[in-house]
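Enquirer: Handing you a structure now.
Bear in mind that the values in this text are calculations on the coordinates, not laboratory data. The structure displayed is predicted, hence computed values, not measured ones. Virtual Cβ from ideal backbone geometry, glycine too; neighbours counted across all protein chains shown.
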Amino acid sequence: MNTLNFLDANVWLALLWSRHIHSERARSWFEQAGQEQFLFGRFTQITVLGLLTTEQIMGVDTKSMAEAWSQWGRIWADDRVVFRARAGGYREGVPRALSNA
């Protein structure tokens, strides 16, 4: 079965940061997911990079931007992880989303 999962930034953070309160749980779930695919978009990626570089979140584990990108590389190395670009671009998507609200 091939399932698509669009994960929240906090799940990605738990997968990357071993001291995250849900790290063990997230890693266990991720490892047991078999061949499911895991999607992320640009905003999710930017959010995770921002969290990894924020001292108020990470404390003594705060990463430089280069270290954060290196950590993200761990995620990207998994063949099940897929970047989902926004179809039509940002400028087209925002007005459409607001008109549907």
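Enquirer: Taking the beta-carbon count within 10 Å as an exposure proxy, list Glu36, Glu31 from fewest neighbours to most.
Expert: Least to most surrounded, the residues fall as Glu31, Glu36.
Enquirer: Hand me the trypsin sites (Lys or Arg not before Pro) from region 1-81 located in a DSSP loop with no more than 10 other Cβ atoms within 10 Å, in residue order please.
Expert: Loop-located and lightly packed - Arg19.
Enquirer: While we're looking at this one, here's another question. So, R0 is 25 Å and r is the distance between the beta-carbons of Arg84 and Gln32; what FRET efficiency does that work out to, to 0.05?
Expert: FRET efficiency, Arg84 to Gln32: 0.65.
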